[in-house]
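Visitor: Have a look at the structure that comes next, please.
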Amino acid sequence: MADSPLVIGVLASGRGSNLQSILNAIQSGALKARVGVVVSDKRDAEALVKARAHHLPAFFLDPRAYPDREGYDEAVVQTLSAHQVELVVLAGFMRLVTKKFLDPFQNKVINIHPSLLPAFPGLNAHRQALTHGVKVSGCTVHFVDSEMDHGPIIAQVCVPVLEGDTESSLADRILAEEHRVLPRVIQYYADGKIKCEGRKVLIEDGLSI
């Protein structure tokens, strides 16, 4: 492991519960990293409130202030780079990113999604799972590419779908697993144990989740 902690940039559009799980893991010593900056595309995102409560740099970047997606992504990259970010974590960030974002952070952007990809990408993953009647759902951590919820998979956790589950009850159980697995994946990355080669993810010593 490097002497200095891995610097993470977190992008979030909502309540920031996965950001909080990262901060909790850092505080407990389970994750040897630091959050360098938090960026949101929503002015009232709770993730920004959480970041500021921890005295972290936190920025609302308004997509309407830029001519197109590429212009917005360039602004996000400038913000991340200004804070020496080494790994970008999309934690409930509800925007597709472009090559303008991905090229400067090649194989350094990960996302967490509340389904067992490639099943149920995009919005309303829990509703999709219930509609299709699956018996097992879960969450996926993956490297990000230019397609939605598509990049190489790093880790998945299965969560049973119970009789009588609602979107809310299933979401709560999956979210608990997201909070557990995401910091572990980041720590493996910080330790240099996760590599991405094309569509293949190599994990040294296995990933115990």
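Visitor: Give me the Å³ per residue figure for the convex hull around the C-alpha atoms of region 1-92. Display every interim value, and only then the final one.
Guide: On the way: hull volume 8.2 nm³, N = 92.
Taking only Cα atoms, region 1-92 has a hull volume of 89 Å³ per residue.
Visitor: In addition: Where a Cα-Cα gap under 19 Å defines reach, which aspartates and glutamates qualify for residue 32, not counting those fewer than 8 residues away within the same chain?
Guide: Partners found: 3, 86, 178, 191, 204, 205.
Visitor: In vacuum, with every alpha carbon of region 110-162 counted as one equal point scatterer, what does the Debye formula give for log10 I(q)/I(0) at q = 0.15, 0.27 Å⁻¹? Two decimals, please.
Guide: With one equal scatterer per Cα and no solvent, log10 I(q)/I(0) is -0.36, -1.01.
Visitor: How are the Cα pair distances of region 76-118 distributed, in percent, across 10 Å bins from 0?
Guide: The distribution over region 76-118 is 24, 58, 16, 2, given as percents.
Visitor: Could I ask something else about it? Where does each of 42-54, 135-147 land if you order them by average Cβ count within 10 Å, highest first?
Guide: Details: 42-54: 16.7, 135-147: 19.6.
Per-residue mean Cβ counts within 10 Å order the peptides as 135-147, 42-54.
Visitor: Starting from the Kirkwood radius over alpha-carbon pairs of the chain, derive D by Stokes-Einstein at 25 °C in a medium of 0.890 mPa s and give it in µm² s⁻¹. Walk me through the numbers on the way to the answer.
Guide: On the way: Rh = 17.4 Å.
Roughly 141 µm²/s, to the nearest whole number.
Visitor: Counting only DSSP beta bridges with both residues in region 61-188, tell me the antiparallel percent, nearest 5.
Guide: Details: 11 of 14 bridges.
Here the share of antiparallel DSSP bridges comes out near 80 percent.
Visitor: Using all alpha carbons of region 111-209, what is the percent of pairwise distances in each 10 Å bin, ordered from the shortest bin to the longest?
Guide: Final binned percentages: 16, 47, 29, 8, 0.
Visitor: Still on this structure, please answer the following. Around residue 187, with a cut-off of 13 angstrom between Cβ atoms, what is the net charge of the other residues, counting Lys and Arg +1 and Asp and Glu -1? Kindly include the intermediate steps, with their values, before the conclusion.
Guide: Details: positive: 32, 34, 180, 184, 193; negative: 191, 204, 205.
Computed value for this residue: +2.
Throughout, read-outs are computed from the coordinates displayed, never taken from laboratory work. No experiment lies behind these values; they were computed from the predicted model shown. Using ideal geometry, Cβ is built from the backbone for each residue, glycine included, and neighbour counts are taken over all protein chains shown.
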